[in-house]
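The values are calculated or read from the model by the stated rules, or taken from the named source; none is laboratory data. The structure displayed is predicted, hence computed values, not measured ones. All Cβ positions, even for glycine, are placed from backbone atoms using ideal geometry, and neighbour counts span all protein chains on display. The protein model used for the area step is the full one, side chains on, heavy atoms only, and it has no ligands, DNA or RNA in it. Shrake-Rupley method; radii C 1.70, N 1.55, O 1.52, S 1.80 Å.
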Amino acid sequence: MIATVSLSGIAHAAPTGEPRPWGSNDYQQGQGTVPPSAFGASAVSAGGLTHLALKDGGVVAWGNNNYGQATVPAAATSGVSAIAAGWAHGLALKNGGVIAWGNGFYGQNVVPAAATSGVSAISTSAYFNLALKNGGVLSWGSRTTVPATVTSGVTAISAGVDHGLALKNGGVLGWGNNAKGQITVPAAATSGVTAISGGFRHSLALKNGGVLAWGDNTYGQSSVPPEAQSDVVAIDAGYNHNVVLKADGSVFAWGSNLKQESRDTSSEPPMDMWKFSGVCAPVYAVSAGDGTGVALVDPSAPQFC
C-alpha cells in the first residue's frame, strides 16, 4: 500500500527522505525501528507486519520476519523501480519483471510467467497480488481471476485485502469480495478519477483533488472528512484507515485509530507524527498498512511539531 503523487499500491519516484512510521509497533515496524540503511529512500510501503523502503534501486525491509518477508532476496537489492508490501510478503518490480518473497500461504510469493516481463505496475495488500501489463491486469495468490473488463485499457491498479480495483478511462472498476459494498462503485467514481486504493473492505478514489470512499464504514473509514475533500494529491487505504497527502505537503489520516494510526489529539502536543493543523515539514510520500502508516519526509523535520 503506497501513496505518492500518483498512486495505486505502487511506488513511484520521489525526492529522497527519511521513512517515518507511526501506529502499530507490534512487530518492530513502527517508530524507532527504521534501519539506517533506509535513510535516503525514494519510496515507502507499509505492509501488515513489515515495511519496505526503496533506496538507490534496492529494497530495505524491517519488522517481523517470521515468513522471510524482511529478508530481501539478492535480486531485489539493485535495479528495482517499485515496491509493494503485503501482509507478510513483499513485491518488487525490476526491469519489467516482478520479484516476490515471504509468505506463500496462497502462492502469492510465486510469480507467474506472465508477470516476469512487460509489467509496469504492481500492487498488493494481503494475500494476492496485481500486476499491470500492456493495459491488462494479472492476478495471483488468493485471488487469481480478473473480469474481462480489466484485460485491456487499464491505467492503474490496487489490490485490497480480498478485492481488486482498476482505473480505466477515468472510471473505477472493482471485482472480488463485496461483503461491505467495496466493489459497488458509486456514480461519482465512474469518471474523472485519477488514483485508486483498496483497503480491507472499503475503497478510495481521488477526483478533482477530493477523496471518494465507499464500502465498510465500521471505523468511519468511508466517511470522508473535510480535510480530505480538497487539495489532495495522493491517497492510500490501509486495512481500516486512510492516509492522504495534500498539495502543501501535509498528511491527514482518518478511520480506525486502535493503534494510533489516525490522528491522536489526546495529548498536547498531539503525539502523532503530524500536526493536526498546518504543515510540519514537506512530506514526499505516504503509505498505509494494517494499523500503521509510513511517510517519507525531509530528514531535517522534527519528529513532533
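Sorting 153-160, 111-118 by their mean Cβ neighbour count within 10 Å, with the most densely packed peptide first, gives 153-160, 111-118. Relative contact order of the chain, taken over Cα pairs closer than 8 Å and 6 or more residues apart, is 18 percent.
Mind checking which lysines have their Cα closer than 19 Å to the Cα of LYS207? Skip sequence neighbours fewer than 8 apart in that chain. LYS207 reaches LYS168, LYS246. All Cα-Cα distances of the chain, cut into 20 Å bins from zero to the largest, leave 40, 58, 2 percent in each bin in turn. Counting only protein heavy atoms and a 1.4 Å probe, segment 122-254 has 33 square angstrom of accessible area per residue.
Taking a straight Cα-Cα cut-off under 14 Å and skipping sequence neighbours fewer than 8 places away in the same chain, the aspartates and glutamates within cross-link reach of LYS259 are ASP26, ASP272, ASP290. Sequence-distant contacts, meaning Cα pairs under 8 Å at least 6 residues apart, place the relative contact order of segment 66-165 at 20 percent. Taking the accessible area of segment 71-159, probe 1.4 Å, and keeping the other protein chains in place, the carbon and sulfur fraction comes to 56%.
Let me know the shape class of segment 36-127, please: from the alpha-carbon gyration tensor, a ≥ b ≥ c as square roots of the eigenvalues, rounded when a/c is under 1.5, otherwise prolate if a/b is greater than b/c, or oblate. Oblate is the answer for segment 36-127, as a/c is 1.5 or above yet b/c matches or exceeds a/b. Here the contact order of segment 1-142, divided by its residue count and restricted to Cα pairs under 8 Å and six or more residues apart, works out to 18 percent.
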